[in-house]
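One structure is given here, and the rest of the page talks about it.
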Amino acid sequence: MAERIVVDARGSFCPGPLMELIARLKFASVGDEVEVLSTDKGSAADIPEWVKKVGHELLEAREDAGVWHIALKKLK
Amino acid sequence: MRILIVGGGMGGTILGNNLARRLAPEIRAGKVKLGMLSASDKHMYQPGLLYMALGRMTPDELYRDQASLLEPGIDFQVDPVEAFELDKNQVKTKGGKTHAYDILVIATGSRPVPEMIPGLAEGAETFYTEQTALKMFKRLQSFQGGKVVVAVGVPHKCPMAPLEITFMLHDYFKDRGIRDKVQLHYTYPIGRVHSLEPVAKWAQPEFDRLGITYETLFNVKEVDAKGQVLKSEEGGAVKYDLLVSIPAHKGMEVIEKNKLGAGGFIPTDKTKLTMEGRPNVYVIGDTTNIPISKAGSTVHYQAETLGENIAAIVKLGAPVREHDGKVFCFIETGKDRATYAMFNYTTPPDPKPPTKAVHWFKMAYNKLYWTSARGLL
């Protein structure tokens, strides 16, 4: 069963949600699921774009009460 | 009450001095014991390494004896912690001692790990240690022209450093009269040239104006040091003649070995500054996993909040305020002008146009830092 790691980047201006995700993925294992919480609406576009470009699997991207939940599976 | 600070860097030092002053009567009366354990008897002003790589500071300007920076109420020992036994409220040191505590503060910092990227240590210059900054200084002096590429690892200490070194290299080569022989190329991990959007909006046209090329969504995957090619996770490849790296960082090995947090970064409550699940263990600075800049300024303000709160726990029985996440970062935008970014958890920065006055304020701060570490500024 893959571990789901939560990166709580709500309210992070610097380094910001995508950079927090990239940092956390470095210390995750292939197959791990990582979910980013972000209050920056730009994350809804930025993070899926990066996930697709690098080749991880996007699991979900949804908004709930002003917080974006974007989950992926690390594939490499 | 036994208060133990592990780490003698900027955070531990400011906090220790803050507490020694606030709790001076209790320390004199023997009601409070304030200890500090560090791996070194020296204290380094790390931001000075950027200047040293460009020949504008010297190694002796970067160091002070740690003991000379500390208030007399602090029991300072050079004896690094090897084991955190949090269930027993104690730590064990390399020297074989056991230190029990009522309140523990972990401020061990972070370290560059270029070895995480194949070929990076061999192929790139960097300025995150005294040794590598000196090596970069010598390499720059002998560089006569070609393509200089700036590569940025994640996470890294000092989020302004990628921009600062790029702008300062522009002026460095200009002063040497070889700027027209140098192509400066900047790469960055996310989809703009800096993590702070207002800073990116200012910096991108500056790059255009100065003839600095850039490429975003570029995360370093490997370096072919022999072929002088930098490759990215996103599938990009860039040839270089001189590679300048902002290396990725990890927390200290002792944090990883004690399994306190992935990558050596400890899960920390961003307003209370407590370690998750450990109400009497506080974590500050680069050691936390809080989504905030890894910078001296970050830990400076955290140390002030924590000093006030720990003193209040002693005197009133409870902490008195939540941390607001304040950060103030200078941004050198060349050899003689600078601006700054100030923000907190709720308010984004609004950087102003660079001025010479802010640059000279930064130059003054490079000297005033030692009063900051003493908790006076």
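No lab work stands behind these numbers, since they all come straight from the coordinates. What you see is a predicted model, and the numbers here were worked out from it, not measured in a lab. Virtual Cβ from ideal backbone geometry, glycine too; neighbours counted across all protein chains shown.
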- Kindly provide log₁₀ I(q)/I(0) values, in the same order as q = 0.14 Å⁻¹, from the Debye equation applied to equal alpha-carbon scatterers of segment B:256-302. -0.29
- Message: Quick check for me: using +1 on Lys/Arg Cβ and -1 on Asp/Glu Cβ, what's the dipole size of the protein assembly as shown about its Cα centre, in debye to the nearest 20?
- Response: 860
- Message: What does the structure give for A:18-31 when I average, per residue, the other chain Cβ atoms found within 10 Å of the residue Cβ?
- Response: 6
- Summarise the partner chain shielding of B:264-272 as one whole number: the mean count of Cβ atoms from other chains within 10 Å of each residue's Cβ. 1
- Item | Set of lysines with alpha-carbon distance to residue B:335 below 18 Å, sequence-local pairs under 8 removed | B:174, B:352, B:356, B:362, B:367
- Task: For chain B, set up a Gaussian network in which alpha carbons nearer than 10 Å are linked by springs, and say which option among B:258, B:18, B:309 fluctuates the most.
- Result: B:258
- Item | Taking B:152, B:220 and counting other C-beta atoms within 10 Å, the order from fewest to most | B:152, B:220
- Mind checking the mean number of beta-carbon atoms from other chains within 10 Å of the Cβ atoms in B:287-296? 4
- Task: Provide the FRET efficiency to the nearest 0.05 for the residue A:67-residue B:276 pair, computing r from the beta carbons and using R0 = 30 Å.
- Result: 0.95
- Message: With bins 10 Å wide starting at 0, give me the P(r) of chain B over every alpha carbon pair, in whole percents.
- Response: 5, 23, 32, 23, 12, 4, 0
- Query: Over segment B:113-249, what relative contact order in percent results from Cα pairs under 8 Å that are six or more residues apart?
  - Reply: 39
- Relative to the Cα centre, what is the charge dipole magnitude of chain B, using +1 at the beta carbon of each Lys and Arg, -1 at the beta carbon of each Asp and Glu, and rounding to the nearest 20 debye? 520
- Message: Based on Cα coordinates alone, diagonalise the gyration tensor for segment A:4-73, multiply each eigenvalue by 5, take square roots, and list the semi-axes in whole Å, largest first.
- Response: 17, 13, 11
- Message: From Cα pairs below 8 angstrom and at least 6 apart in sequence, can you work out the relative contact order of chain B, rounded to a whole percent?
- Response: 19
- Between B:335, B:88, B:272, find the one with the highest GNM mean-square fluctuation for chain B; connect C-alpha pairs within less than 10 Å. B:88
- Using the Kirkwood formula over every pair of different C-alpha atoms, what hydrodynamic radius in Å results for segment B:195-258? 14.5
- Task: State the dimensionless ratio Rg/Rh of segment B:113-249 (Rg: radius of gyration of Cα atoms; Rh: Kirkwood radius).
- Result: 0.93
- Query: Counting pairs of Cα atoms in segment B:59-174, how many percent are more than 16 Å apart?
  - Reply: 74
- Message: If amide hydrogens are placed 1.01 Å from N in the peptide plane, which non-local residues have theirs closer than 5 Å to the one on residue B:57?
- Response: B:52
- For segment B:1-108, Kirkwood radius (reciprocal of mean inverse C-alpha pair distance, Å): 14.7
- Normalised by the residues of segment B:260-366, what does the relative contact order come to in percent, with Cα pairs under 8 Å and at least six apart? 17
- Query: GNM, chain B, Cα, under 10 Å: largest mean-square fluctuation among B:226, B:201, B:270?
  - Reply: B:226
- Give me B:21, A:24 ranked fewest to most by other Cβ atoms within 10 Å of their Cβ, as a rough exposure proxy. B:21, A:24
- Which ordering of B:367, A:76 is given by a fewest-first count of other beta-carbon atoms within 10 Å? A:76, B:367
- Counting only complete DSSP H runs, which helices of chain B cover 27 Å or more along their long axis at the Cα atoms and score a mean Kyte-Doolittle of -0.5 or above? B:296-316
- Please identify which residues in segment B:291-307 have an amide N closer than 20 Å to a label point set 7 Å out from the Cα of residue B:1, following the Cα→Cβ vector. B:302-307
- How many percent of the alpha carbon pairs in the protein assembly as shown exceed a separation of 36 Å? 27
- Task: In Å³ and rounded to a whole number, note down the convex hull volume per residue for the Cα atoms of segment B:285-363.
- Result: 113
- With each label point set 7 Å from Cα along the Cα-Cβ vector, what nm distance links residue B:357 and residue A:35? 4.9
